[in-house]
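Enquirer: Sharing a structure below in structure tokens format, with a few things to ask.
Only the coordinates and a few stated rules stand behind these numbers; no lab work does. Because the structure is predicted, anything quoted here is derived from the model rather than measured. Here the Cβ positions follow ideal geometry from the backbone for every residue, glycine too, while neighbour counts run over all protein chains shown.
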Amino acid sequence: MKTNRMDKGLAWMLKYENVAWYENGAVKILDRRVYPIESKFVTCHHHTEVAQAIADMVTQSAGPYTAAGMGMALAAYESRTMNAKDQYAYLVQAARCIESARPTTRDRMHQVVEGCLAIAKDHLGISCDEVIFNHTVEAMNHRYERINEVAKYLIKKMPKEATVMTQCFGETIIGMMIRQAHDHGIDLKMVCPETRPFLQGARFTASCAKDMGVDVTVITDNMPAFYLSHEKVDLFTSAADVICMDGSIINKVGTLQIALCAKHFGIPYYCTGIPDINHKDAKGVEIEFRDPEETLSAHHIKHTLEGVKGYYPAFDITPPELVTEIITDQGAFKPEDLGKYKTDNSNFYNFAV
């Protein structure tokens, strides 16, 4: 396992141990449903509990990918006394359970658990959990390194005094963007729409920015158009849950409306991440519809009468004509040029968040 960790100098919630961590037959996951008001962890003693935690939004953005790997280590611990054949079959069953926790990101989760299965195949036995754990930490470090390369290209789009609007919580790219801006002398200011109903922009993006010394402003989700038309914003940026090869972007619901506003006001939209080569376009991406009751409350406080209906698509689709460029670890690509992206054949995920 690498000792040169890429989380050095990042915000508290981006430290590896504070995302998801396997140790002594349990996985602890930072409970992002209550952070930053409380800093507490959900402890899972079975891989099905890890899958449920992912489904219940205990962790989100890139957090589930780390939790999935740690959940596979836990599954190896659960099966440590089985013979090799039975243990591997158990791990395959656990992989199918974990990868299906949330439908829109199933392909990426599949890559995570398949990587764990591949490394486990030659290390079945009592110490298989440690092998999967080490693989997961190394994969996480690799992802942070890769997103750091993305950040290097993203900051090239910024003036020396830059105001950037974000959407939801891009996790690793938020930390790396801020760190790269600091390193290159960019006076960075951030504007974060709150991202209801879980308030990821207000609670996570803004917290990371504050932790890392950035001037940050939170606006409500119905303010982006006003803000873009009345205040100085140099660019809009988001990560993505899926980057289709035609340049369509699947990201937290609300991304589309900000992209439309940015286009109207002549502000560039830069999406960051790694293209998902298995998705030619958005037609094959299943949009997750969450419990509509979640839209009827904010931070566990219900604000509607009984009988009022909710509606909650977790993601929306931004068409390529609204995307200025997609910023990857290989540079910036126009949506129509994503086919020039060279596929990564490393042993780790073919995506990054």
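Enquirer: Name the residues whose placed amide hydrogens come within less than 5 Å of the amide hydrogen of residue 251, ignoring near sequence neighbours (fewer than 5 apart) on the same chain.
Expert: 241, 316, 318
Enquirer: Would you mind ranking 300, 230, 135, 123 by Cβ crowding within 10 Å, fewest neighbours first?
Expert: So the ranking, lowest neighbour count to highest, is 300, 230, 123, 135.
Enquirer: Same structure again: Within segment 162-252, list the trypsin sites (Lys or Arg not before Pro) lying in a DSSP loop whose Cβ has at most 12 other Cβ atoms in a 10 Å radius.
Expert: 232
Enquirer: Ok, one more. Over 19 Å between Cα atoms, which of 8/152; 15/40; 283/309; 157/189; 189/232; 189/210 qualify?
Expert: 283/309
Enquirer: Taking only Cα atoms, what is the 0 to 90° angle, nearest 10, from helix 106-120's long axis to the longest principal axis of the chain?
Expert: 30
Enquirer: Taking the chain as the reference, fit the longest principal axis to its C-alpha atoms, fit the long axis of helix 255-264 to the helix C-alpha atoms, and give the angle between the two in degrees, 0 to 90, nearest 10.
Expert: Long axis of 255-264 versus the principal axis of the chain: about 30 degrees.
Enquirer: Starting from the coordinates of the alpha-carbon atoms of segment 150-340, obtain the Kirkwood hydrodynamic radius over all distinct pairs and give the value in Å to one decimal.
Expert: That comes to 17.0 Å for segment 150-340.
Enquirer: If I take every Cα pair under 8 Å that is 6 or more residues apart in segment 150-340, average their sequence separation and divide by the length, what percent do I get for the relative contact order? Before the final figure, lay out each step's value.
Expert: Numbers: 401 pairs, mean separation 43.3, N = 191.
That works out to 23 percent.
Enquirer: Exposure proxy check: 147, 317 ranked by fewest other beta carbons within 10 Å?
Expert: Listed from fewest to most nearby Cβ atoms, that is 317, 147.
Enquirer: Please report the net charge: other residues with Cβ closer than 11 Å to the Cβ of residue 269, K and R +1, D and E -1.
Expert: Values: positive: 157, 263; negative: 321, 325.
Spelling it out: positives minus negatives among the neighbours equals 0.
Enquirer: Angle check, please: helix 128-154 long axis (alpha carbons) against the longest principal axis of the chain (alpha carbons), in degrees 0 to 90, nearest 10.
Expert: Taking the Cα atoms of the chain, the angle to 128-154 is about 20 degrees.
Enquirer: Now a separate question. Given contacts defined as C-alpha pairs under 8 Å and at least six residues apart, what's the relative contact order of segment 12-145, whole-number percent?
Expert: In percent, rounded to a whole number, it is 24.
Enquirer: Moving on to the next point. Which distance in Å, rounded to a whole number, links the C-alpha centroids of segment 211-243 and segment 106-129?
Expert: So the separation of the two Cα centres works out to 37 Å.
Enquirer: A further question follows. Sum -39500 (n - 2.57) across every DSSP H segment of at least 4 residues in the chain, then divide by the residue count to get the 222 nm mean residue ellipticity, nearest 500.
Expert: That calculation yields -10500 deg cm²/dmol at 222 nm.
Enquirer: Sum up the charges of everything whose Cβ sits under 15 Å from the Cβ of residue 335, counting Lys and Arg as +1 and Asp and Glu as -1, but leave residue 335 out.
Expert: -3
Enquirer: Taking the Cα atoms of the chain, report the difference between the largest and smallest coordinate on each principal axis, in whole Å and largest first.
Expert: Result for the chain: principal-axis Cα extents of 65, 52, 40 Å.
Enquirer: Now for a separate question. What number, in percent, do you get for the relative contact order of the chain if the mean sequence gap of Cα pairs under 8 Å and at least 6 apart is divided by its residue count? Each step should come with its number before you reach the end.
Expert: Working: 729 pairs, mean separation 56.7, N = 353.
Answer for the chain is 16 percent.
Enquirer: Right, another one. How would segment 253-304 be classified by its alpha-carbon gyration tensor: rounded, prolate or oblate, with rounded meaning a/c under 1.5 and the a/b versus b/c comparison settling the rest? Don't skip to the answer; put the middle values down first.
Expert: Working: a/c = 2.84, a/b = 1.39, b/c = 2.05.
Oblate, because a/c is 1.5 or more while a/b does not exceed b/c.
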